[in-house]
Every structure is written in structure tokens, then in C-alpha cells.
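Structure first, commentary second.
The values are calculated or read from the model by the stated rules, or taken from the named source; none is laboratory data. Just so it is clear, the model here is predicted, and its values are computed rather than measured. Please note: Cβ atoms are built from the backbone with ideal geometry, for glycine as well, and neighbour counts cover all protein chains shown. Side chains included, ligands, DNA and RNA excluded: accessible areas come from the protein's heavy atoms. Shrake-Rupley method; radii C 1.70, N 1.55, O 1.52, S 1.80 Å.
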Amino acid sequence: MASIVDGSLSGTTAPVGLGTPFGRRGLLLVACVVAAMAAAVVGDPSMMQADDPELAWLLRGMAVIKLMMTALALALVWWRFGRPTPPAFAVGYGLVLVLMCTATVLVWQLSFLAYVSPLFHGGLITLGLLALKDDRGPVAGALRR
């Protein structure tokens, strides 16, 4: 009879690690949540809300739009991490999404707005360029046909 201790059933469990889709997806999710929490701690919306409450509402609406774009990008990268991804592209996808999550929360917090917009939009453009250059990705396969 086989036991779990001697490792004879190791083939029946799902592999866990950064090389697996589960590991890459988990690390991506944790990194995005930690970045969003750090941005929430750093941001201070009190001055902007006191100076111009109408502008604060407009910027918060823009933050909701950025949140939807970030969620879509996160869903696409989540799907991409389900397939084998070269390590350099995996790191690039992860860093871009962390920056986009940070920027989205900082826009909601109405903090560092002069730096946040280029950060978010640069991340969005970088994500698109990474997807186009990813040789193993589904986009590259479709373009070759």
C-alpha cells in the first residue's frame, strides 16, 4: 500500500511552484493585492477633496474606468498564465500589472496624479507591446497564419 510520506503518490497531486500556472497566477494575484494595499496606505485624498469636490468626483470616475481596464488586463494575463510563458514575459506581465494596480488605487486616492497617469498609460502600452512580442502567445500564432 502506498503512502503519502514515501512519495509514491506524488503523481496524483497537482504540481505547485512558480513554473506552474497555479503558481504564476497566485503570485500575480498576491503582488497586485499587496501593491494596491501599499498604494492605499500612501495616498491621502483629503486635500483634493477639500479644494475641489467636483474635480474629486470626476477623478474618482476616471479611477473606476482605470479599474475596469486593469481588471480586463488582469483577466487577460491570468488567461495567458494558463499556458507556458517565457520567464522574461511572465516578469514583464507581472510588473506591468502591479504598476497598473498601484496607479489605479492612487488615482482613487487622488494622490500623485502627475506621476500616476504616465505610469498607468505607459503600463497599458507596455502590456500591449509585450503581448505582441510574445512568441508563444495566441496572438503571435494568429498573426502568423
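Data for the structure
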| read-out | value |
| --- | --- |
| Sulfur and carbon atoms: percent of accessible area, segment 48-93 [1.4 Å] | 77 |
| FRET efficiency, 1/(1 + (r/R0)^6) with R0 25 Å, evaluated for residue 57 and residue 115 via beta carbons | 0.70 |
| Residue 83-residue 125 FRET efficiency (beta carbon distance; Förster radius 25 Å; 0.05 resolution) | 0.60 |
| Segment residue 44-residue 95, length gained on full extension (0.36 nm per residue, minus Cα span) | 16.0 nm |
| Average accessible surface area per residue within segment 22-145, 1.4 Å rolling probe, Å² | 60 |
| Rounded to whole Hz, the Karplus (6.51, -1.76, 1.60) HN-Hα couplings of segment 20-32, x for glycine and proline | 9, x, 4, x, 5, 5, x, 5, 4, 5, 5, 5, 5 |
